[in-house]
Amino acid sequence: MSLLQVKQVSLSFNSKKLFKGKDLSKKVLNDISFAIEEGTCLGLIGTSGAGKSTLGKVILGIQRPQQGQVLFQGYDIYNADKATQQKIRRDLQVVFQDSYSAVNPRMTAERIISEPLENYEKLTITEQRKRIIELLERVGLSEKDLKKYPHQFSGGQLQRINIARAVALKPKLIVLDESVSSLDMVTQSLILELLNELKDDFGLSYLFITHDIKAAFLISDTLGVLEKGELIELYDSKDQFFSSKHPIVKRLRDSILAEHPRFRTLTTKANWVNTNRLSKQL
Ligand SMILES: Nc1ncnc2c1ncn2[C@@H]1O[C@H](COP(=O)(O)OP(=O)(O)OP(=O)(O)O)[C@@H](O)[C@H]1O
Ligand SMILES: [Mg+2]
């Protein structure tokens, strides 16, 4: 059984029938189906407004779709009993893009990370502090960061704290919504490396939502392309992205061709022919 199954999910906003029977509701997700297997990362790429974050919220149980089902470990998250919902909330965590707005500026790192532990685990003060120090160290910070406030950290360090909080309860699935997008390239790759390590160490699964195709490639096992609320492509292996003939995928590929050597070698023959022709004309 897959860890997560999304089945024929459709969602519209403002689904009010207006005058003359005209339906002005906006369909943001249309008949989306996919699965995430335990211990794997599904990268979900798509341009701005494609519906990626909305889909993330549907999976997190905070945006109920009008149609379809989300099954987590076989349980329908929108129709589970209270105890199951509580267990699902523990096993499903999220890390957002903006590390600063995800935390309370008046809380120290220790308090930020302690929140989920206090909600779900009954630890003594000493045990809890020990766990928090272990978590800080696991994400590349240290005991001396315990008493620091968010403004005393860089964006990358604060994202490490958000990650420590997300993994504190050893969840099954983490939704990473543009979690590295606002970081510089070096910090991005360090955080992606950390996420990859944690995935192996904790047996985590990720839904990695991004418009950054390169970041998606660095972390994902499988890959989906969302465009205007439709899951236009879903690859078992991310490498299939290179051979897809879908015009939107080609456009996404072209957008990174110039920078990435791997894509350059696979660059369209057309480009090469054009360059060749051009050089002959000169
Ligand atoms: N609460 C809401 N009410 C009405 N429309 C919404 C709401 N949330 C999102 N939308 C609309 O749904 C569409 C998809 O938004 P969403 O935030 O899911 O896109 P996205 O793919 O995450 O984009 P980005 O890459 O910019 O984060 C957009 O057109 C957005 O305006
Ligand atoms: Mg978004």
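Within the range 16-29, the set of residues being within 13 Å of ligand 1 (Cβ to nearest atom) and at pLDDT below 95 comprises K16, L24, S25, K26, K27. Filter the range 192-216 down to residues that are polar (S, T, N, Q) and surrounded by 17 or more Cβ atoms within 10 Å (Cβ to Cβ) and give me whichever is farthest from S2 (Cα to Cα). Within the range 192-216, the match that is farthest from S2 (Cα to Cα) is T210. For the range 215-237, the set of residues classified as away from ligand 2 (no atom under 16 Å from the Cβ), under 26 Å from K199 (Cα atoms) and either among the aliphatic types (A, V, I, L, M) or modelled with pLDDT under 90 (or both) consists of L218, I219, L223, L234, listed by residue number. Inside the range 175-190, residues that are within 11 Å of the chain's Cα centre (by Cα) and more than 16 Å from ligand 2 (Cβ to nearest atom) make up a count of 0.
The helices (runs of 4 or more DSSP H) found wholly in the range 14-130 and carrying at least 1 residues that are more than 16 Å from ligand 2 (Cβ to nearest atom), touching a helix residue (DSSP H, G or I) at 6+ places or on another chain (Cβ under 9 Å) and among the hydroxyl-bearing types (S, T, Y) occupy 109-120. Please enumerate the residues belonging to the range 79-103 that are surrounded by fewer than 14 Cβ atoms within 10 Å (Cβ to Cβ) and more than 18 Å from V167 (Cα to Cα). Once the filter is applied, which keeps residues that are surrounded by fewer than 14 Cβ atoms within 10 Å (Cβ to Cβ) and more than 18 Å from V167 (Cα to Cα), the range 79-103 yields N79, D81, K82, A83, S101.
Per the conditions (1) in a loop (DSSP other than H, G, I, E, B); (2) under 14 Å from the mean Cα position of the chain (by Cα), the sole criterion not satisfied by P171 is (2).
Could you tell me whether S220 is closer than 24 Å to L146 by Cβ, of a type in the set (S, T, Y) and within 13 Å of the chain's Cα centre (by Cα)? Answer is no for this residue.
Each residue in the range 39-63 was checked for being closer than 14 Å to I213 by Cβ, surrounded by fewer than 22 Cβ atoms within 10 Å (Cβ to Cβ) and either among the hydrophobic types (A, V, I, L, M, F, W, C) or more than 6 Å from ligand 1 (Cβ to nearest atom) (or both), and 1 pass. One residue alone among I32, I113, I88, I36 is free of Cβ contacts under 8 Å to residues at least 40 places away in the same chain and either more than 14 Å from ligand 1 (Cβ to nearest atom) or more than 22 Å from K199 (Cα to Cα) (or both), and that residue is I88. In the range 219-229 there is at least one residue matching the filter, namely being closer than 17 Å to L42 by Cβ, among the hydrophobic types (A, V, I, L, M, F, W, C) and part of a helix (DSSP H, G or I). Evaluated against (1) within 16 Å of ligand 1 (Cβ to nearest atom); (2) outside any strand (DSSP E or B); (3) crowded, with 21+ Cβ neighbours inside 10 Å, R251 falls short on exactly one condition, (3).
The values are calculated or read from the model by the stated rules, or taken from the named source; none is laboratory data. What you see is a predicted model; the values in this text were computed from it and never measured. Here the Cβ is made from the backbone with ideal geometry for all residues, glycine too, and neighbour counts use every protein chain on show.
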